[in-house]
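Below is one structure; the comments refer to it alone.
The values are calculated or read from the model by the stated rules, or taken from the named source; none is laboratory data. Everything numeric in this text was worked out from a predicted model, so none of it was measured. Glycine gets a Cβ as well: all are built from the backbone with ideal geometry, and neighbour counts include every protein chain shown.
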Amino acid sequence: MIARTNELSLLALISFQLIFAGCIVLPIPTGEDKILDGMPVTEDQLKFLKVGVTSRGEVISHLGNPSLIWENARMFAYNWKMRSGILVWAGGGGYTGGAGILDIPVNYALLIKFDDQDRISRFEKTKRPFYKQYGDFLRDWVKEPEKSKTEENQSK
């Protein structure tokens with residue numbers, strides 16, 4: 001919810017700035033009504049995922065090949081984008097001008113980490129913030145369990 005509010009606030013700020021520069025930008029929320037890229041993973045598809053039980057092979061047989069396999073981190077990523085709105089823009093100056101409509105995407109990922117026996121050790125369906133690079137997003141997610149284990153050990 002906070003990320004969505006931040007995205008809309010940023011779009012509103014850009015809109016006001018561009019209006020005063022001779023341009024108009026209007027974001028229009030549409031709800032997540034259109035797949036822009038990839039294949040969404042539904043809640044029903046997640047029901048078979050069990051930590052410590054579901055194997056790497058079972059994940060592939062149920063969900064197909066992942067968008068990304070990160071072998072060193074023992075991780076799969078299934079990525080897709082949904083449209084959450086459209087951005088209508090128009091601008092001009094003098095005798096020239098232009099206009100268009102752009103999709104406003106939301107980046108989703110199903111991230112799955114495996115243990116040494118190729119069983120799921122962790123999984124999460126999540127949104128990637130628009131301001132975060134994909135590689136940084138994945139590295140941060142992979143580090144989370146290690147970080148929390150380290151903090152637990154330090155507090156003892």
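Given GLY85, GLY52, GLY57, which one is of a type outside the set (Phe, Trp, Tyr) and out of contact with any strand residue (DSSP E or B) (no Cβ under 6 Å at 6 or more places or on another chain)?
GLY57
What do you reckon, is PHE130 at pLDDT 90 or above, more than 22 Å from THR54 (Cα to Cα), among the hydrophobic types (A, V, I, L, M, F, W, C) and not in a strand (DSSP E or B)?
When the stated conditions are applied, PHE130 does not pass them.
SER9 - would you say it is part of a helix (DSSP H, G or I), at pLDDT below 90 and either within 21 Å of the chain's Cα centre (by Cα) or of a type in the set (Phe, Trp, Tyr) (or both)?
On the way: part of a helix (DSSP H, G or I): yes; at pLDDT below 90: yes; either within 21 Å of the chain's Cα centre (by Cα) or of a type in the set (Phe, Trp, Tyr) (or both): yes.
Spelling it out, SER9 is indeed part of a helix (DSSP H, G or I), at pLDDT below 90 and either within 21 Å of the chain's Cα centre (by Cα) or of a type in the set (Phe, Trp, Tyr) (or both).
What is the residue count in the stretch 101-141 for residues that are under 12 Å from the mean Cα position of the chain (by Cα), surrounded by 17 or more Cβ atoms within 10 Å (Cβ to Cβ) and within 30 Å of ILE24 (Cα to Cα)?
5
Kindly indicate which of ILE101, ILE60, ILE112 is under 27 Å from ILE35 (Cα atoms), assigned to a strand (DSSP E or B) and modelled with pLDDT of 95 or more.
Step by step, each of ILE101, ILE60, ILE112 is checked, and only ILE112 is under 27 Å from ILE35 (Cα atoms), assigned to a strand (DSSP E or B) and modelled with pLDDT of 95 or more.
Kindly list, by first and then second residue, each pair from a residue in the stretch 49-74 that is at negative phi to a residue that is assigned to a loop (DSSP other than H, G, I, E, B) and exposed (fewer than 11 other Cβ atoms within 10 Å of the Cβ), limited to pairs with Cβ atoms under 9 Å and residues at least 6 apart or on different chains.
SER55/GLN117
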